[in-house]
Amino acid sequence: MSSAPRSPTPRPRRMKKDESFLGKLGGTLARKRRAREVSDLQEEGKNAINSPMSPALADVHPEDTQLEENEERVMIDPTSKDDPKFKELVKVLLNWINDVLVEERIIVKQLEEDLYDGQVLQKLLEKLAGCKLNVAEVTQSEIGQKQKLQTVLEAVHDLLRPRGWALRWSVDSIHGKNLVAILHLLVSLAMHFRAPIRLPEHVTVQVVVVRKREGLLHSSHISEELTTTTEMMMGRFERDAFDTLFDHAPDKLSVVKKSLITFVNKHLNKLNLEVTELETQFADGVYLVLLMGLLEDYFVPLHNFYLTPESFDQKVHNVSFAFELMLDGGLKKPKARPEDVVNLDLKSTLRVLYNLFTKYKNVE
């Protein structure tokens, strides 16, 4: 019986030049040297930021400490990034941008990575302002990106300067992916164009500023206020009785709500309608429109509003139309925004209804 054939003994593979022992040793040493340089640089940055005068730690990456002389880098402290109100602000602005640009088939996932080159900002401003900017559609070079960004931001400044708002961003800060600057810009745009969103109030972040002077890194911490109150942001600086009521006399709120419910039902009952919850039942604008017709004694043509609104925009249309009817009836322009009423903001709804109550309380 013949034995099974033996497998041929594999020949040792000849090492390529870079796979030789010396080559491997050299590559290993080079990698270790690069890793040590990065580690040293990162440590230098952390030491600058974690100085005895700095109360909070900052997550510093090597690229954040590779600065030229007199150059500075701005970073949000990680503790601020974890704050729920900060996360909510970023989420609300992301959703708003994506809603505005849905027809453009643009989806923004990360503000600093998707907005820095001016491409998305251009589309956003054109959509909001109903204009067309004279810029190149696609720019790959840094110079081209900054030129486009410059044109976009100049258009933004032309809109915002007449209102006297502080412009807390620049071409370099936006292109440098400075998230604080980008958020300032977006909040200002949302305020100017009265975006149908509700920005979280009193969002403040701790910012770490790293500067390089005489070859050494120096850091400082500052607080940056991104949002204030809804009233302040939307241009309603004066406080009224409802601010006082909510802040100092919440126990009397139920009395006010009961009085307003009695007032509106006195008229809506004529159409076999009844209200039990002010903030929810007026949110789609239908009852507001019908109430104005009853108070002014006219029939509102059904084609002027949505009797069964389904979308947010349809509800805003109804409330806005009701506001127009109020102006036609000689009332002052409501302090509330239609979007606030649709968003179930009780204080806004109460302001609108109390305005009606003041004028029509004696109407039968």
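The values are calculated or read from the model by the stated rules, or taken from the named source; none is laboratory data. The structure displayed is predicted, hence computed values, not measured ones. Here the Cβ is made from the backbone with ideal geometry for all residues, glycine too, and neighbour counts use every protein chain on show. We work out accessible area using only protein heavy atoms, side chains counted, and drop any ligands, DNA or RNA first. Shrake-Rupley method; radii C 1.70, N 1.55, O 1.52, S 1.80 Å.
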Counting only protein heavy atoms with a 1.4 Å probe and every protein chain in place, the carbon and sulfur fraction of the accessible surface of region 79-118 in whole percent equals 45 percent
Length gained, Lys332-Glu296, 0.36 nm per residue minus C-alpha separation, equals 11.4 nm
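Classify region 299-338 as rounded, prolate or oblate from the Cα gyration tensor: take a ≥ b ≥ c as the square roots of its eigenvalues, call it rounded if a/c is under 1.5, otherwise prolate when a/b beats b/c and oblate if not. Present the calculation step by step, with values, prior to reporting the outcome.
On the way: a/c = 4.15, a/b = 1.36, b/c = 3.05.
It comes out oblate by the Cα gyration axes.
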Surpassing 24 Å at the alpha-carbon level, of the pairs Lys333/Lys361; Lys258/Lys347; Lys81/Lys315; Lys91/Lys335; Lys257/Lys335, are Lys81/Lys315; Lys91/Lys335
So Phe312 and Glu279, fully extended at 0.36 nm per residue minus their Cα-Cα distance, gain in nm 10.3 nm
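Between Glu201 and Ser141, what FRET efficiency comes out of the Förster formula 1/(1 + (r/R0)^6) with R0 = 35 Å and r the beta carbon distance, rounded to 0.05?
Values: r = 41 Å, r/R0 = 1.16.
E between Ser141 and Glu201, to the nearest 0.05, is 0.30.
Starting from the Cα-Cα distance between Lys266 and Arg213, subtract it from 0.36 nm times their residue separation and give me the gain in nm to one decimal. Numbers along the way, then the final one.
Working: separation 53, 0.36 × 53 = 19.08 nm, distance 7.28 nm.
Separation in residues times 0.36 nm, less the Cα-Cα distance, equals 11.8 nm.
Return the subset of Lys109/Lys132; Lys85/Lys177; Lys132/Lys212 for which the Cα-Cα distance in this structure is over 31 Å, preserving the input order.
Lys132/Lys212
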For 109-121, 76-88, 315-327, ranked highest to lowest by mean beta-carbon neighbours within 10 Å, the order is 315-327, 109-121, 76-88
Yeah, region 97-235 with a ≥ b ≥ c from its alpha-carbon gyration tensor (a/c under 1.5 is rounded, else prolate when a/b outruns b/c, oblate otherwise) is oblate
Shape descriptor, region 75-156: equivalent ellipsoid semi-axes (Cα gyration tensor, sqrt 5λ, whole Å, largest first) stand at 25, 16, 11
Neighbours of Thr151 by Cβ distance under 12 Å: Lys/Arg at +1, Asp/Glu at -1, summed charge 0
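Please say if region 265-359 is rounded, prolate or oblate, where rounded means a/c under 1.5 for a ≥ b ≥ c the square roots of the C-alpha gyration tensor eigenvalues, and otherwise the choice is prolate for a/b larger than b/c and oblate otherwise?
Details: a/c = 1.18, a/b = 1.07, b/c = 1.10.
Note, shape of region 265-359 comes out rounded.
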The alpha-carbon center of region 110-138 and that of region 278-327 are separated, in whole Å, by 35 Å
Here the residues of region 281-295 lying in the modelled label zone of Ser254, meaning backbone nitrogen under 15 Å from a point 7 Å along Cα-to-Cβ, are none
